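Chemist: Here you go, one structure.
The values are calculated or read from the model by the stated rules, or taken from the named source; none is laboratory data. In this text the structure is predicted, and so the values were computed from the model without any measurement. Here Cβ is always computed from backbone atoms with ideal geometry, including for glycine, and neighbour counts include all displayed protein chains. All accessible areas refer to the heavy atoms of the entire protein, side chains included, with ligands and DNA or RNA removed. Shrake-Rupley method; radii C 1.70, N 1.55, O 1.52, S 1.80 Å.
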Amino acid sequence: MQIDNLIPIAEYAARIGRDPATVRQKILRGALPAAVKIGRDWLIPADAVYTDARIKSGDFKNWRKKQPAESPD
(Lines give C-alpha, C1' and ligand atoms only; values in the text may rest on other atoms or scores of the structure.)
Protein backbone atom coordinates (compact mmCIF):
# COMPACT_ATOMS: atom_id res chain seq x y z
CA MET A 1 0.00 0.00 0.00
CA GLN A 2 1.34 3.39 -0.94
CA ILE A 3 0.93 6.23 1.50
CA ASP A 4 0.86 8.86 -1.26
CA ASN A 5 -2.29 7.26 -2.74
CA LEU A 6 -4.30 7.67 0.49
CA ILE A 7 -6.76 10.53 0.98
CA PRO A 8 -8.85 11.55 4.02
CA ILE A 9 -12.54 10.69 4.36
CA ALA A 10 -13.70 14.24 3.60
CA GLU A 11 -11.88 14.34 0.27
CA TYR A 12 -13.05 10.84 -0.70
CA ALA A 13 -16.65 11.72 0.19
CA ALA A 14 -16.46 14.87 -1.94
CA ARG A 15 -15.15 12.85 -4.90
CA ILE A 16 -17.99 10.33 -4.78
CA GLY A 17 -20.71 12.83 -3.80
CA ARG A 18 -21.53 11.38 -0.38
CA ASP A 19 -21.56 12.74 3.14
CA PRO A 20 -18.37 12.05 5.15
CA ALA A 21 -20.46 10.54 7.96
CA THR A 22 -21.92 8.01 5.51
CA VAL A 23 -18.45 6.98 4.36
CA ARG A 24 -17.27 6.72 7.97
CA GLN A 25 -20.20 4.43 8.86
CA LYS A 26 -19.43 2.26 5.83
CA ILE A 27 -15.82 1.95 7.03
CA LEU A 28 -16.89 1.03 10.57
CA ARG A 29 -19.26 -1.65 9.24
CA GLY A 30 -16.40 -3.15 7.25
CA ALA A 31 -17.91 -2.38 3.85
CA LEU A 32 -14.85 -0.42 2.74
CA PRO A 33 -11.99 -2.82 3.58
CA ALA A 34 -9.34 -0.74 1.79
CA ALA A 35 -9.56 2.00 4.43
CA VAL A 36 -6.77 2.22 6.99
CA LYS A 37 -6.65 4.03 10.29
CA ILE A 38 -3.51 6.05 10.93
CA GLY A 39 -3.59 7.64 14.34
CA ARG A 40 -7.11 8.95 14.77
CA ASP A 41 -7.77 9.52 11.07
CA TRP A 42 -9.17 7.15 8.47
CA LEU A 43 -7.50 7.23 5.07
CA ILE A 44 -8.84 5.65 1.90
CA PRO A 45 -7.05 4.87 -1.36
CA ALA A 46 -8.01 7.46 -3.97
CA ASP A 47 -9.03 4.73 -6.41
CA ALA A 48 -11.17 2.74 -3.94
CA VAL A 49 -14.53 1.69 -5.34
CA TYR A 50 -17.64 2.81 -3.46
CA THR A 51 -20.32 0.13 -3.72
CA ASP A 52 -23.96 0.60 -2.86
CA ALA A 53 -25.67 -2.68 -2.00
CA ARG A 54 -29.16 -1.27 -1.54
CA ILE A 55 -32.00 -2.77 -3.57
CA LYS A 56 -33.26 0.00 -5.82
CA SER A 57 -35.47 -1.99 -8.19
CA GLY A 58 -38.68 -1.34 -6.28
CA ASP A 59 -39.35 -5.06 -5.78
CA PHE A 60 -39.80 -4.60 -2.04
CA LYS A 61 -41.93 -1.46 -2.21
CA ASN A 62 -45.07 -1.92 -0.06
CA TRP A 63 -44.03 -5.48 0.79
CA ARG A 64 -46.13 -5.47 3.97
CA LYS A 65 -49.29 -4.85 1.94
CA LYS A 66 -48.49 -7.79 -0.35
CA GLN A 67 -48.47 -10.35 2.48
CA PRO A 68 -51.70 -12.20 3.25
CA ALA A 69 -53.54 -10.97 6.34
CA GLU A 70 -53.19 -13.07 9.47
CA SER A 71 -56.34 -14.72 10.72
CA PRO A 72 -57.19 -14.19 14.42
CA ASP A 73 -57.34 -17.37 16.51
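Chemist: Of the residues R64, R24, which single one is without any contact (Cβ under 8 Å) to a residue 40 or more places away in the chain, outside any loop (DSSP other than H, G, I, E, B) and exposed (fewer than 10 other Cβ atoms within 10 Å of the Cβ)?
Modeler: Answer to the check: R64.
Chemist: Identify, please: which residue in the stretch 28-47 is out of contact with any Pro (no Cβ under 9 Å at 6 or more places or on another chain) and among the aliphatic types (A, V, I, L, M) and is, among those, most open to solvent (accessible area, probe 1.4 Å)?
Modeler: It comes out as L28.
Chemist: So which of A48, A53 ends up being at pLDDT 90 or above and either among the small types (G, A, S) or touching a Gly at 6+ places or on another chain (Cβ under 8 Å) (or both)?
Modeler: A48
Chemist: Look through D4, D19, D59, D52 and report the one residue that is open to solvent by 50 Å² or more (accessible area, probe 1.4 Å) and in contact with a helix residue (DSSP H, G or I) (Cβ under 7 Å, 6 or more places away or on another chain).
Modeler: Just one listed residue meets the conditions, D19.
Chemist: Considering only the stretch 6-21, state which residues are of a type in the set (A, V, I, L, M) and without any contact (Cβ under 8 Å) to a residue 12 or more places away in the chain.
Modeler: Of everything in the stretch 6-21, those that are of a type in the set (A, V, I, L, M) and without any contact (Cβ under 8 Å) to a residue 12 or more places away in the chain turn out to be A10, A13, A14, A21.
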